[in-house]
Amino acid sequence: MAIETAGALPPVMAFALVGVVGVGSQWIAWKLRLPAIVLMLLAGLLIGPVLGVFDPARDIGPLMKPMISIAVAIILFEGGMTLNVQTLREAATGVRRLVLIGAPIGWLGSALALHYVAGLSWASSAVFGGIMIVTGPTVIAPLLRTARLAKRPSQLLQWEAIVNDPLGALAAVVAFEVVLILYASETLGSAIREMSIGVVSATAMGVAVGWLLSEGFKGGRVPEYMKVPVVFASVLLVFAVSDYVLHESGLLAVTIMGFYITNAKLPSHTELRRFKEQATVLLVSGVFVLLAASMSFKTLSLLGWPALAFVLVIILVVRPATVLVSLAFSNIPMKERLLVAFTGPRGVVLVAVAGLFSSRLVNAGIEDAALLTPLAFVLVAATVVLHGFTLRPLGQVLGLASAQVPGVIFVGGSQFSAAFAAALQKEEIPVLIADANRSRLTDAREKGLPIYVGDILSQGAEYGVEFISFDRIIATTDNDAYNTLVATDLGPEFGREYVYQLKRAKQEQTRHALPATLGGRSIAGGLNYWQLGHHIQNGWEVRATNLTEEYGPDKWRADNPNSIPLAAVTPGTDLRIIVDDADIKAGPGMRLLALSPRRERAAQAAERKGATEHQAETVQKVADKSEREAKAGMRT
């Protein structure tokens, strides 16, 4: 039972509360490595029906429905921008099967489950079944990072979610339009006519505005700094005008508009994509908190056992049947099919769209549509929690779980990158060396390291590189400008604190220095490509040293004044890349990787006799001292 509050919150305070709770939940989830959707659900229920601090109907009133409508329109536009035709063409056969065969089967299976198990009408089942195609790209990515699955099942799950996201939204929008027209029309002929006019008009408007924007951007008619605001305003305009001319056609129009723009190959597509991703994070947070806070225990109590049975049927029957039928007679092993079949978390888009359609269907006279929002919440919470705890163990049972620790991508096939990567691989850290020139990957191939022949920034790399298995990237080519480009372009994807590059030549000079927004963090003691290559040519090597309570970083530094620290590793679990301006932060149990001069025969002999590495390094110091004294005697 909710706690009574003193009164309604002022609208400005209510908006601020929604923003802080939504974005704050996502940040805490990122910090704790938990699914954000679960924390947003709990936070919304806490400030809403549990504590009664926030009641959207009371505190925001008539503004709530227009806000949700606009937010969902922008979310669906973002979904349309995700659906690139080239993506579907180049995606693996398994992904195409899951999309082209699996989406219709999933829609049908979900609608049947909603009607016969949850007890909803065919109208509500058809609309909700369409959006249930979406497995939630914003949810599956964090789960895959935690689970560390093998490459192919990981890519199948990831790309199915990405491609099905806009298709599911589009399917739900079309079903929604059909249902409303059928309920509003007196005859079947008039319903078909109105539906045709609505679909054609919405498509025409979306394509027309998308074409105008694309041509305007390509022709330089819109300045760079105004492109994102112009797109944002255009989405609102298309949604509002389309809805005004033909009721409820705006969502379809903005989805088509996003689809057209993303396939127009605009030079500014990256900026637009990042903006819509950031806007979607904010809007999804707000919508999710609003809908969760609007829930009441009375509404949730209406679900009962049919809701539980519905969730079980979706997880244990509909999802497995969809995947197994889609991938039947393919070259994908049965273990991988089973893993994908029993992994289908739903995300925030499902709740956002269901919340909007629910109220509109109720207004159209379909009363059981009021159950769509609580059903969406129950399904999302159940699938995210279940798969969050079972995906990694299931992958291990099926033998499809890869290394737990995230890996490192080296961009540039040099002797230094091959030596560094080989040392990391010995410490159970996954690595990949990428270079467009195959001949530069000779050292990497000889050391048995994984390689990718191609430009890491190319579209082909999106499908050929399993980015989700890596969380750090190091640019080590001989081209400073390209290293900076790689670090700058991939910074938003990996996090700017996890992109590194070799020191740029002359970067201390004012006219060669770049702003902090460009490039990555410098490594290898501030040495550039040519200096590191010179050391490797002179016999330097990357070695690992065990650190203990007695032998810490300070003693190591005293024993190895010429060595260049590269990374601190806890084998198989943790990795810290050491930047050139940072102290060595490593403790007992860790191993320190450093580029060091080659050991001479005395040190190697000591090691063969069973000496510890510390003792071997002490022997090497004595040998170095003797060599220096001998050289001094020769000079005298």
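The values are calculated or read from the model by the stated rules, or taken from the named source; none is laboratory data. Because the structure is predicted, anything quoted here is derived from the model rather than measured. Because the Cβ atoms are built from the backbone with ideal geometry, glycine has one as well, and the counts that use them run over all protein chains shown. Note: accessible area is taken over every heavy atom of the protein model, side chains too, but ligands, DNA and RNA are not part of it. Shrake-Rupley method; radii C 1.70, N 1.55, O 1.52, S 1.80 Å.
Taking amide hydrogens as placed 1.01 Å from N in the peptide plane, the amide H of I433 sits under 5 Å from those of F410, I451, Y452, each at least 5 positions away in sequence or on another chain. Close amide H contacts of A150 (hydrogens built in the peptide plane, cut-off under 5 Å, sequence separation of 5 or more or a different chain): A401, S402. In order along the stretch 93-109, the Karplus-derived 3J(HN,Hα) couplings, from 6.51 cos²θ - 1.76 cosθ + 1.60 at θ = phi - 60°, round to 4, x, 5, 4, 5, 5, 8, 6, 9, x, 4, x, 5, x, 4, 5, x Hz, and Gly and Pro are given as x. State which entries of K335/K426; K426/K447; K426/K555 exceed 19 angstrom in Cα-Cα distance in the structure shown. From K335/K426; K426/K447; K426/K555, over 19 Å: K335/K426; K426/K555.
On full extension, the segment bounded by A321 and E549 gains 76.5 nm, given 0.36 nm per residue less the C-alpha separation.
For A567, the amide hydrogen comes within under 5 Å of the amide hydrogens of I578, L593, counting only partners 5 or more places away or on other chains and with H modelled in the peptide plane. Relative to the current alpha-carbon distance between D455 and Q537, full extension at 0.36 nm per residue lengthens the span by 26.9 nm. Spin-label pair Y116-L282: with each label point 7 Å from Cα along the Cα-Cβ axis, the two points sit 4.6 nm from one another. Per-residue accessible area (protein heavy atoms, 1.4 Å probe) orders M67, M257, M334 as M334, M67, M257, starting from the largest.
What distance in nm separates the two pseudo spin-label positions at L386 and F15, each 7 Å out from Cα along the beta-carbon direction? Those two pseudo-labels are separated by 4.0 nm. Take the Cα coordinates of the stretch 309-406, assign each an equal point scatterer, and use the Debye formula without solvent to give log10 I(q)/I(0) at q = 0.16, 0.17, 0.21 Å⁻¹. The calculated log intensity ratios at q = 0.16, 0.17, 0.21 Å⁻¹ are -0.79, -0.85, -1.06. Each residue of the stretch 442-447 was assigned a 3J(HN,Hα) from its phi angle through the Karplus expression (A = 6.51, B = -1.76, C = 1.60, θ = phi - 60°), giving 4, 4, 5, 5, 5, 8 Hz with x at Gly and Pro. Summarise the accessible area of the stretch 100-141 (1.4 Å probe, protein heavy atoms) by the percent that is carbon and sulfur. Answer for the stretch 100-141 is 78 percent, counting heavy atoms of protein chains only. Between the beta carbons of N363 and L100, assuming R0 = 45 Å, the FRET efficiency works out to 0.85 to the nearest 0.05. Dividing the Cα radius of gyration of the stretch 411-496 by its Kirkwood radius returns 0.93 for Rg/Rh. Across the stretch 252-257, rounded Karplus estimates of 3J(HN,Hα) from the backbone phi angles (6.51 cos²θ - 1.76 cosθ + 1.60, θ = phi - 60°) give 5, 5, 6, 5, 5, 4 Hz, Gly and Pro being marked x.
Using R0 = 51 Å, the C-beta based FRET efficiency linking E493 and W305 works out to 0.70.
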